[in-house]
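The structure that follows is given in the form of structure tokens.
The values are calculated or read from the model by the stated rules, or taken from the named source; none is laboratory data. Every value quoted in this text rests on a predicted model; they were computed, and no experiment measured them. Glycine also receives a Cβ, built like all others from the backbone with ideal geometry; neighbour counts cover every protein chain displayed.
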């Protein structure tokens, strides 16, 4: 058997940008009122920094954030978008009579040119698990190339959180499911269980988690200053955690979520949170399931480290390395992948 062909980065980018050409993904993002209202509030509250200034909207999509910037008084907005949705963004801009202020720039950030430096960069770059899809790299590129020395980045900071959770129903619904088929259909499909476990316990699961599922307080495992972070630093994002359980329950794995902060001089900051204790967003939460539930008691210590690195097959994907102990049990080492072409 011949080895699988490794796609080149430009092929990966082509697949990535094609996925943003349709309407569904943009509909999902704009329907997310937490996301859209928070960005609108942050942009309008930043009117002192935006009014009369030049803005770059990185990954502009339908152009909605660019339009918000014009509402905040921007003199000029360069809406940079590599996917075919850019053609629809032109129509949105024209329909709102903003074509005199917003210029749609079709192409990758790393390949297009702007005729001037910008005062503000705005971007909704966050993916699942914060760093999935690695669009932050493009924001960094734009920052270093076009942002003026005293320029503003919106959002300005991102933080990643994690906490242990319980969810025994998942094991029954997704693992015991294969055993139950014999009684239901008269077919033995338990041979699927090893493969099901490999898929579920080897990849990040995107699910809606609730605050009541947490069995200990969350830990902030990483903070990114978007005005200073480098692409090299994003090659390995590490964090540690050390928490005590609330009471008797079954530890089933970890949930992660993120926040981004819009720091606004002389005004209250604006926070966008994807916490399971807040209103749901289209990002939901990212879950790392353990192979088997573990009984924990009041004050059982769960501690360890987490490391995020770009995917080995595709740098837009994400690899997660987890090391942890539960109470006095032996240390566990797990590895999870996050991609759009693997099993889940």
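Look through segment 223-233, keep the residues that are surrounded by 18 or more Cβ atoms within 10 Å (Cβ to Cβ) and touching a strand residue (DSSP E or B) at 6+ places or on another chain (Cβ under 8 Å), and return whichever of them is farthest from residue 149 (Cα to Cα).
Filtering first and then ranking leaves 224.
Follow-up question, since we're still on this one. Count, please, the residues in segment 254-269 that happen to be in contact with a strand residue (DSSP E or B) (Cβ under 8 Å, 6 or more places away or on another chain) and surrounded by fewer than 21 Cβ atoms within 10 Å (Cβ to Cβ).
Of the residues in segment 254-269, 5 are in contact with a strand residue (DSSP E or B) (Cβ under 8 Å, 6 or more places away or on another chain) and surrounded by fewer than 21 Cβ atoms within 10 Å (Cβ to Cβ).
Taking residue 277, is it free of Cβ contacts under 8 Å to residues at least 24 places away in the same chain, under 29 Å from residue 35 (Cα atoms) and not assigned by TED's automatic domain parsing to the domain that holds residue 140?
no
Something else now. Residue 251: under 23 Å from residue 130 (Cα atoms), outside the structural domain of residue 134 (by TED's automatic domain parsing), in contact with a strand residue (DSSP E or B) (Cβ under 8 Å, 6 or more places away or on another chain) and buried (at least 17 other Cβ atoms within 10 Å of the Cβ), yes or no?
Here the answer is no, as residue 251 does not meet what is asked.
Here's something else I'd like to know. From the residues in segment 148-175 that are free of Cβ contacts under 8 Å to residues at least 40 places away in the same chain and surrounded by 15 or more Cβ atoms within 10 Å (Cβ to Cβ), which one is nearest to residue 256 (Cα to Cα)?
So the residue we want is 174.
Could I ask something else about it? Does residue 220 meet the test of being in contact with a strand residue (DSSP E or B) (Cβ under 6 Å, 6 or more places away or on another chain) and exposed (fewer than 14 other Cβ atoms within 10 Å of the Cβ)? Steps first, please.
Numbers: in contact with a strand residue (DSSP E or B) (Cβ under 6 Å, 6 or more places away or on another chain): yes; exposed (fewer than 14 other Cβ atoms within 10 Å of the Cβ): yes.
Answer is yes for this residue.
Select the helices (runs of 4 or more DSSP H) contained entirely in segment 135-195, then report the ones holding at least 3 residues which are closer than 30 Å to residue 247 by Cβ and either assigned by TED's automatic domain parsing to the domain that holds residue 315 or under 18 Å from the mean Cα position of the chain (by Cα) (or both). Give the derivation first.
Values: elements: 136-146, 168-171, 177-185.
Correct list: 168-171.
Yes or no, residue by residue, for (1) assigned to a helix (DSSP H, G or I); (2) farther than 18 Å from residue 321 by Cα:
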position: 216; (1), (2): no, yes
position: 220; (1), (2): no, no
position: 231; (1), (2): no, yes
position: 234; (1), (2): yes, no
position: 251; (1), (2): no, yes
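Taking segment 303-323 as the region of interest, how many residues are surrounded by 16 or more Cβ atoms within 10 Å (Cβ to Cβ) and farther than 21 Å from residue 159 by Cα?
Adding up the residues that qualify gives 2.
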